[in-house]
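Since every read-out is calculated from the coordinates, none of them should be taken as a lab result. Only a predicted model underlies this, so the values are computations on that prediction, with no experimental measurement involved. Ideal geometry is used to build each Cβ from the backbone, glycine not excepted, and the neighbour counts take in all protein chains shown.
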Amino acid sequence: MIPTLDAELLRSFVAIAETGGFTRAAERVHRTQSAVSMQIKRLEETLGQPLFEREGRSVALTPQGELLLDHARRILRAHHEAIAAFDTHAVRGRVRFGSPDDYASTFLPGILARFARSHPLVHVEVVVDSSVRLLEMQAAGDVDLALVSEGSGEAGGVLVTREPVVWVTSARHCIHEQEPLPLAIFHKGCVFREAALNALDGAGRAARIAYSSISLSGLLAAVEAGLAVGTVIRGNVRPGLRILTEADGFPRLPDVGIKLQRAPSTGGCLIDRLEEHVVESFRNAVATAHAAA
C-alpha cells in the first residue's frame, strides 16, 4: 500500500525545520516535546528515511529532510486552503503591507509565508518603498501596515526590533582605503544615510556620495564591484562582503529601530490579524536567537 502523510506530522516537521529545535517547535504546535519527537519518529518510519540530525542543542535537516520540506509546505498550504474554502468564518480580503527594500528582503519571506499558512484566502499586496514614502502613503490611505525605520517622521507605532547597522565593503577590493571615501547609500531622508554621514563627519573622514538608491540590490551591486562602501543592517551582509569596524578606521554606527506602523483610522479584523502576526513573528525571532546564543 502507498503510505499516507498525516498533516499533523508534517506540521510538526515544518515547525522543527523553521525553529531549529524540538522545544520551540513544540511551543508552536502546542504539544509537548516528547509528543513532537514521537511524531517525527512516526514520519521517519513512514518514509523509511532519517529527516533530522542533531547539531549540539539544535537540529539540522538531512538531505532527505530538505527534500521533504518543500513538499510538506505545499501539502499544508493546500490543506489550509481546502479547509478555508468551506469555512464561512475564514478571514478573506486584501491588506496593503509596506516595507523598505532592505527590510523586505530580510524579514518578509518568513513573515508572509507563515501568514499565508494561517490565512490562505487573504490577498497581501506588498508595497516596497522608502520609510518616508510609506508614511506618506499611509497618510493618504494607500498602505494599511508598514515596517519603517525609527526616526523617519513616524508617529507612534510598535517597535518590533532593533538591528545593528554596519559598514560593508567588497571582500576582494580595498576601496575603503580611498580618500575621499566613495559611498553607496540610500536616498536622501533615509536614517541610514544620515547616520553614515554624521558618523564620518564626527570622525573627520572625508567622503563623497558615489551611488544612491532606494534599492538594496542597487547599492550592493556597487559595493560588491569594489566601487564604494555601504551601510546595511547586519542581516543583509552576504557572501562577498566584508564588515568594516573601528579597527579599519570606521566609526561605529547606531542601531536602527524598526517599527510597525498602522495607517490612521485603519480598522478591521484582517488588519488586526496581520499586525498581531508581524509583531509575534519578530518576538519569536528574538526568542529563537537568544535561545541559540
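Neighbour counting of Cβ atoms within 10 Å sorts the residues 106, 19, 62, fewest neighbours leading, into 62, 106, 19.
Put a plus charge on the Cβ of each Lys and Arg, a minus charge on the Cβ of each Asp and Glu, and nothing anywhere else: the dipole of the chain about its Cα centre is then about 320 debye.
Picking from 156, 122, 196, whose Cα lies most toward the positive end of the charge dipole for segment 89-229 (charges on Cβ: Lys, Arg +1; Asp, Glu -1)? The residue sitting farthest along the positive end of the dipole is 122.
For the chain, give the share of DSSP beta bridges that are antiparallel, in percent and rounded to the nearest 5; count only bridges with both residues there. Of all bridge pairs located within the chain, approximately 55 percent are antiparallel.
The residue list 46, 58, 284 was ranked by how far each Cα lies along the charge dipole of the chain toward its positive end, using unit charges on Cβ atoms, and 46 comes out on top.
In this simple spin-label approximation, residue 71 and residue 276 carry label points 7 Å from Cα along the Cα→Cβ vector, and these lie 3.5 nm apart. Ordering 209, 214 by the number of other Cβ atoms within 10 Å of each residue's own Cβ, fewest first, gives 209, 214.
Report summary: the helix-based calculation at 222 nm, which adds -39500 (n - 2.57) for every DSSP H run with n ≥ 4 and divides by the residues of the chain, gives -14500 deg cm²/dmol. Remark: the Cα gyration tensor places segment 165-254 in the rounded category, a/c being less than 1.5.
Annotation: amide H of residue 244 within the under-5 Å range of 167, 168, 169, sequence separation 5 or more or interchain, hydrogens built in the peptide plane. Charging the Cβ of each Asp and Glu at -1 and of each Lys and Arg at +1, and nothing else, the dipole of segment 165-254 about its Cα centre rounds to 220 debye. Applying 1/(1 + (r/R0)^6) with R0 = 30 Å to the Cβ-Cβ distance of residue 126 and residue 227 gives a FRET efficiency near 0.50. Of the residues 222, 250, 181, the one whose Cα sits farthest toward the positive end of the charge dipole of segment 165-254, with +1 on the Cβ of Lys and Arg and -1 on the Cβ of Asp and Glu, is 222.
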